[in-house]
Amino acid sequence: MQDLGTALGRAEPLRDPRRARVNPRGAYVDPIIRPARIADLPSIQRIYNREILEGVATWDIEPWTDAERLAWFEEHASDPTLPVLVAEMEREVIGFAYLSLYREKVGYRYTRETSVYVDPRFHRHGIGRTLLTTQVEAARRLGMHTLMALIEASNEASIGLHAALGFEGIAHKREVGRKFGRWLDSVEMELLLPLNPPD
């Protein structure tokens, strides 16, 4: 397994292959995808905690504290197979993505769970697609075999995005979560990457 810098395949920020995206002021800029830094944590907090309070992409109920977010970042930074990426536009972080362990047992060592969150102002501007595409390529170069995505079942945009990038639905789990006074279903999607490990 390689380190994150090698996995991304370049040192400079990764540019969106579909080029310019519109910002809230109507100007076109060129977003970049790069590894997250500690300085990005306030933006990550803003995006994620908004989703906790207003959305169902995450089933957390209570906003994360800054201490919890720092501990999360340090855990990912200590393991090169758990990269955190951010999308940046005009020096503002507008989305992030990360890989996490799918299960703790060693037998799952070639499997990771994917997560992508984008500032609502930039939904449907290709930011999520660019983050996920870069994440898949990083996982491939890190020597991963299986990527899993757990998606709230009504999130058709996310399901469609993952399907467009080759993920296949393998399970629909009914009423496994509860938030905002209602039961939530989840869809599990899987992407297999070619890999023939020695063990």
inquiry  = Regarding the range 95-114, can at least one residue be identified that is touching a residue at least 60 places away in the same chain (Cβ under 8 Å) and of a type in the set (Gly, Ala, Ser)?
reply    = no
ask   = So which residues in the range 159-199 are touching a Lys or Arg at 6+ places or on another chain (Cβ under 9 Å) and at pLDDT 95 or above?
value = LEU161, ALA164, LEU165, TRP183, LEU184, ASP185, SER186, VAL187, GLU188, LEU193
ask   = Would you pick out the residues in the range 171-197 that are touching a helix residue (DSSP H, G or I) at 6+ places or on another chain (Cβ under 6 Å) and of a type in the set (Ser, Thr, Tyr)?
value = none
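Test LEU131 against the criterion of being closer than 16 Å to GLU190 by Cβ and of a type outside the set (Ser, Thr, Tyr), and give yes or no. So that I can check it myself, show each step before the final result.
Details: closer than 16 Å to GLU190 by Cβ: no; of a type outside the set (Ser, Thr, Tyr): yes.
No.
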note = Checked the range 97-156 for anything under 21 Å from GLU74 (Cα atoms), acidic (Asp, Glu) and in a strand (DSSP E or B); matches are GLU113
task = Could you give me the residue pairs with C-beta distances under 8 Å whose first residue belongs to the range 72-94 and is in contact (Cβ under 8 Å) with a residue 40 or more places away in the chain and at positive phi, whose second residue is part of a loop (DSSP other than H, G, I, E, B) and of a type outside the set (A, V, I, L, M) wherever it lies, and which are 6+ apart or on separate chains?
result = GLU90/ASN23
request  = Check ALA153, ALA149, ALA157 and return the single one that is closer than 22 Å to GLU51 by Cβ and exposed (fewer than 15 other Cβ atoms within 10 Å of the Cβ).
outcome  = ALA157
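Can you pull out every residue in the range 77-104 that is closer than 23 Å to GLU188 by Cα, of a type outside the set (Gly, Ala, Ser) and within 15 Å of the chain's Cα centre (by Cα)?
The initial filter retains those residues of the range 77-104 that are closer than 23 Å to GLU188 by Cα, namely 81-85, 95-104.
Subsequent filtering for residues that are of a type outside the set (Gly, Ala, Ser) retains 81-85, 96, 98-99, 101-104.
Once the filter is applied, which keeps residues that are closer than 23 Å to GLU188 by Cα, of a type outside the set (Gly, Ala, Ser) and within 15 Å of the chain's Cα centre (by Cα), the range 77-104 yields THR81, LEU82, PRO83, VAL84, LEU85, PHE96, TYR98, LEU99, LEU101, TYR102.
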request  = Return the pairs, sorted by first residue and then second, in which the second residue is part of a helix (DSSP H, G or I) and among the aliphatic types (A, V, I, L, M), the first residue lies in the range 122-145 and is in contact (Cβ under 8 Å) with a residue 60 or more places away in the chain and more than 24 Å from SER43 (Cα to Cα), the beta carbons are less than 6 Å apart, and the residues are 6+ apart or on different chains.
outcome  = ARG141/ALA7; LEU142/ALA7
request  = Collect the residues in the range 178-194 that are surrounded by 11 or more Cβ atoms within 10 Å (Cβ to Cβ) and among the aromatic types (Phe, Trp, Tyr), keeping them in residue-number order.
outcome  = none
remark   = GLU88 passes all but one of the listed conditions (1) more than 20 Å from ILE47 (Cα to Cα); (2) not in a helix (DSSP H, G or I); the exception is number (1)
ask   = List pairs: first in the range 175-188 and in contact (Cβ under 8 Å) with a residue 40 or more places away in the chain, second basic (Lys, Arg) and surrounded by 11 or more Cβ atoms within 10 Å (Cβ to Cβ), Cβ under 9 Å, 6+ apart or cross-chain?
value = LEU184/ARG178; GLU188/LYS173
task = Enumerate the pairs (first residue in the range 54-66 and assigned to a loop (DSSP other than H, G, I, E, B); second residue anywhere and loosely packed, with under 13 Cβ neighbours inside 10 Å and not polar (S, T, N, Q)) with beta-carbon separation below 7 Å, excluding pairs fewer than 6 apart on the same chain, so at least 6 apart or on different chains.
result = PRO63/LEU53
task = With the checklist (1) outside any strand (DSSP E or B); (2) within 18 Å of VAL56 (Cα to Cα); (3) over 16 Å from the mean Cα position of the chain (by Cα) in hand, flag the one item GLY160 doesn't pass.
result = (3)
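The values are calculated or read from the model by the stated rules, or taken from the named source; none is laboratory data. Bear in mind the structure is a predicted one, so any value in this text is a computation, not a measurement. Here the Cβ is made from the backbone with ideal geometry for all residues, glycine too, and neighbour counts use every protein chain on show.
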